[in-house]
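S.K.: Just dropping this structure here.
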């Protein structure tokens, strides 16, 4: 049994919302995307991506996939379809040139979360009072961290911290990262754009999750509280969060 909440908000600085989310409860698939590009093309990129992915999930043979190989094979094809659509629009429409989007998506099946990730939107797992990041950011500063050039603390204020190195629709083909995580009763899976974790630190996110569990809070209320917290901290970016309680 899953309890689901989600919220998508423009924030207080941006003129438009380039984030998108999609929940497909009857398939247990949950999607967050954060578009990049000039004018409003980031909005087109993220919206197109989630629409294509949702259509593929609804029409595809996901119910017949049981092994991890079959499941990740299905989502590889889904991402290929969405990537081609976004890339084609970007290539053919001068107003959308260079647009792309991040993607973090989870499919929950038989007590396991199967995650697909491109870019710097994130998936976290909250278990027994502790928050753990599952996905790895595809960003320039994360490459510097991996190379030992800078620390994670230095990355928080680096002047190129928003430069992503991989995005859906940026190239004719894309290879997402895949993760597989066993779930337990009481876990909360959190999917979010950088508008949340960029304003609200992981320590504070963990505190809010602890309080939500203690108060048996509904996931929609928790997501609304996360958005409010990000806005109080500045709301400089669009904010999207999906919370899934097991």
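The values are calculated or read from the model by the stated rules, or taken from the named source; none is laboratory data. Model, not experiment: these values are computed from the prediction. FYI the Cβ positions are ideal-geometry reconstructions off the backbone, even for glycines, and counts take in every protein chain you see.
S.K.: Residues being out of contact with any strand residue (DSSP E or B) (no Cβ under 6 Å at 6 or more places or on another chain) and under 15 Å from residue 103 (Cβ atoms): count how many of those fall in the range 1-43.
M.R.: 2
S.K.: For the range 129-168, name all the residues that are in contact with a strand residue (DSSP E or B) (Cβ under 8 Å, 6 or more places away or on another chain), touching a residue at least 40 places away in the same chain (Cβ under 8 Å) and part of a strand (DSSP E or B).
M.R.: 131, 133, 164, 168
Matching residues to (1) under 17 Å from residue 194 (Cα atoms); (2) modelled with pLDDT of 85 or more; (3) touching a helix residue (DSSP H, G or I) at 6+ places or on another chain (Cβ under 6 Å); (4) surrounded by 14 or more Cβ atoms within 10 Å (Cβ to Cβ):
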site	(1), (2), (3), (4)
95	no, yes, no, no
99	no, yes, yes, yes
117	yes, yes, no, yes
141	yes, no, yes, yes
148	no, no, no, no
160	yes, no, yes, no
164	yes, yes, no, yes
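S.K.: Considering only the range 59-73, I want to know if a residue exists there that is touching a residue at least 24 places away in the same chain (Cβ under 8 Å), in contact with a helix residue (DSSP H, G or I) (Cβ under 8 Å, 6 or more places away or on another chain), more than 22 Å from residue 184 (Cα to Cα) and surrounded by 24 or more Cβ atoms within 10 Å (Cβ to Cβ).
M.R.: no
S.K.: Right, residue 107: closer than 24 Å to residue 231 by Cα, touching a strand residue (DSSP E or B) at 6+ places or on another chain (Cβ under 9 Å) and buried (at least 18 other Cβ atoms within 10 Å of the Cβ) or not?
M.R.: On the way: closer than 24 Å to residue 231 by Cα: no; touching a strand residue (DSSP E or B) at 6+ places or on another chain (Cβ under 9 Å): yes; buried (at least 18 other Cβ atoms within 10 Å of the Cβ): yes.
Judged against the criteria, residue 107 is not a match.
S.K.: From the set of residues in the range 185-212 that are touching a residue at least 60 places away in the same chain (Cβ under 8 Å) and assigned to a helix (DSSP H, G or I), which is farthest from residue 113 (Cα to Cα)? Before you say what the answer is, go through the steps one by one.
M.R.: Step one: filter the range 185-212 for residues touching a residue at least 60 places away in the same chain (Cβ under 8 Å), giving 185-195, 197, 202, 205-206, 209-210.
Filter once more, so that each one left must be assigned to a helix (DSSP H, G or I): 194-195, 197, 202, 205-206, 209-210.
Working: 194: 21, 195: 23, 197: 21, 202: 21, 205: 20, 206: 20, 209: 19, 210: 21 Å.
Looking at residues that are touching a residue at least 60 places away in the same chain (Cβ under 8 Å) and assigned to a helix (DSSP H, G or I), I get 195.
S.K.: Right, residue 107: in contact (Cβ under 8 Å) with a residue 60 or more places away in the chain, part of a strand (DSSP E or B) and farther than 27 Å from residue 141 by Cβ or not?
M.R.: Values: in contact (Cβ under 8 Å) with a residue 60 or more places away in the chain: yes; part of a strand (DSSP E or B): yes; farther than 27 Å from residue 141 by Cβ: yes.
In short, yes.
S.K.: Inspect all residues belonging to the range 18-28 and state whether any of them is touching a helix residue (DSSP H, G or I) at 6+ places or on another chain (Cβ under 6 Å), surrounded by 13 or more Cβ atoms within 10 Å (Cβ to Cβ) and at pLDDT below 95.
M.R.: no
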